1. Using helices alone, I'd like the mean residue ellipticity at 222 nm for chain B: each DSSP H run of four-plus residues gives -39500 (n - 2.57), total over residue count, nearest 500.
2. If you take every DSSP beta bridge fully contained in segment A:3-175, what fraction is antiparallel? Give it as a percent rounded to 5.
3. Between residue A:22 and residue B:194, how many nm apart are label points set 7 Å from Cα along the C-beta direction?
4. How long is the gain from residue A:252 to residue A:236 if the chain were fully straight, where each residue apart is worth 0.36 nm and the alpha carbon distance is subtracted?
5. With a point put 7 Å past each Cα toward its Cβ, work out how far residue B:68 is from residue B:82 in nm, to one decimal.
6. Residue B:158 label point, 7 Å along Cα→Cβ, cut-off 11 Å on backbone N: hits in segment B:91-124?
7. Hey, how many Å between the Cα centroid of segment B:1-60 and the Cα centroid of segment B:99-128?
8. For chain A, what proportion of DSSP beta bridges, expressed in % and rounded to the nearest 5, is antiparallel?
């Protein structure tokens with residue numbers, strides 16, 4: 001059911017639901033659901049006691065106009081944060097943010113969503129929209145989306161208009177470079193000890209930009225901030241590309257070497273996540289390729305790995 | 001019960017005791033304020049100091065000993081150094097119980113062999129006391145425990161009491177001769193080889209420093225212990241303790257959530273990433 005709604009009308013409905021946040025980058029989408037810094041416990045130290053309070057700072061928002069890949073990344077974050085035991089901070093944010101996805105009509109050079117079985121026109125998020133001449137063709141996808149407005153009041157898009165969306169979809173999909181990594185996940189285990197990881201990590205400088213910009217990388221650290229008589233505990237983004245990430249107090253570090261960290265990042269995305277959730281932990285947005293200061297390209301790495309596992 | 005896994009229970013430090021002669025190991029006894037943590041041997045908690053942070057420690061007490069929790073902690077980093085300086089009465093934040101536990105139900109009706117080394121004996125103490133408090137449900141219980149020197153053996157008073165018991169075989173050992181030590185001398189794997197417990201109908205639980213594990217496993221194999229009958233407890237750097245923050249993974253499993261207790265059989269299917 002795709003409805004034709006005037007842009008201003010549609011935006012008014014969204015404003016009624018929550019504050020509209022228009023963002024373009026995956027890093028900002030992730031930041032909405034898993035903030036870079038999230039204070040969750042505030043404590044006050046007394047003479048013989050401590051008072052602790054849960055701290056929440058959550059407001060209703062509409063994340064507007066994001067491409068389907070970033071909506072897909074939220075679904076992939078759900079696997080980690082909504083499984084038992086439930087991460088209540090993430091859950092409350094998830095429930096308070098309506099996701100409005102816009103058909104992606106301008107893919108960039110780094111995109112490879114179609115290689116992972118996704119499409120720039122995937123119906124993701126709560127509402128999917130396609131913009132046309134002052135109108136949105138909008139499709140509610142979840143129960144809460146159905147309550148955003150009285151959808152029945154609006155007419156369906158015509159057959160011709162629907163066809164136009166389909167044609168545009170095919171056109172955009174063709175613009176995206178596609179390669180085949182089917183069944184790579186299971187085979188990666190067989191090259192765990194291969195020298196390929198040293199080859200792939202050779203140029204890496206462990207800056208962590210790929211993981212921070214990745215809309216699906218969720219690793220975090222928990223830190224305390226101590227003032228004289230009070231303080232707080234917060235979680236902050238962390239990166240598996242840092243050697244201190246897994247560095248133990250004893251001095252032992254299971255991933256002290258660069259190649260071990262690169263291997264963990266790639267295998268977490270393309271081998272471990274599929275074992276746990278039957279999905280790659282990657283949406284093919286190509287952001288990690290775009291931001292890497294040394295030009296590491298995950299697409300090349302996957303193709304190289306494909307060669308090695310088939311040797 | 002707190003249903004947000006990130007929020008700690010407030011706990012009062014009610015007792016401390018040096019556990020090793022070099023004063024690097026100290027046992028801390030906590031009382032959870034107005035609440036209770038229900039657990040089984042092998043589980044752990046995140047012990048937090050408000051303003052300093054949290055760190056994971058195996059629970060050294062057995063649930064059969066009452067509501068108080070004990071942790072034996074080595075003075076090493078920020079949190080543990082502050083813990084060692086803390087006085088009785090101080091308030092801490094404890095999250096738990098976290099992780100899985102030794103399969104004590106599965107052990108029922110079988111012999112249990114406990115092999116420990118150094119200060120990895122904490123959750124083994126929990127397990128041993130749990131087994132002794134349900135003594136009639138288990139067959140032979142054999143313990144091999146070693147440390148570098150006598151002063152580094154943990155829970156010494158209890159160890160010497162256990163040595164006197166008829167319903168338990170305990171073999172204590174130190175790495176090399178030491179003045180005043182009349183017990184076994186030698187590394188844990190060597191003593192295990194000498195004692196040579198039967199693998200028939202027996203579950204083995206092995207905990208210790210990596211080098212001890214490395215040399216103990218081949219001995220168990222010679223004694224014909226099958227990999228689904230050998231359990232160990234692993235550790236890695238942890239933060240959340242509930243399988244969310246990412247760092248303690250081996251392959252797709254998280255030590256904090258899917259472990260810390262694993263059978264060798266389970267570990268054989270995971271990549272060597274510890």
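Derivation of every value follows stated rules applied to the coordinates shown; laboratory data play no part. All values reported here derive from a predicted model rather than from experimental measurement. With ideal geometry, Cβ positions are generated from the backbone for all residues, glycine too; neighbour counts draw on all protein chains shown.
1. -6000 deg cm²/dmol
2. Working: 16 of 28 bridges.
Of the beta bridges lying entirely in segment A:3-175, close to 55 percent run antiparallel.
3. 7.9 nm
4. Fully extending the segment from residue A:252 to residue A:236 adds 3.4 nm.
5. 2.4 nm
6. So the set is B:121-124.
7. 20 Å
8. 70 percent
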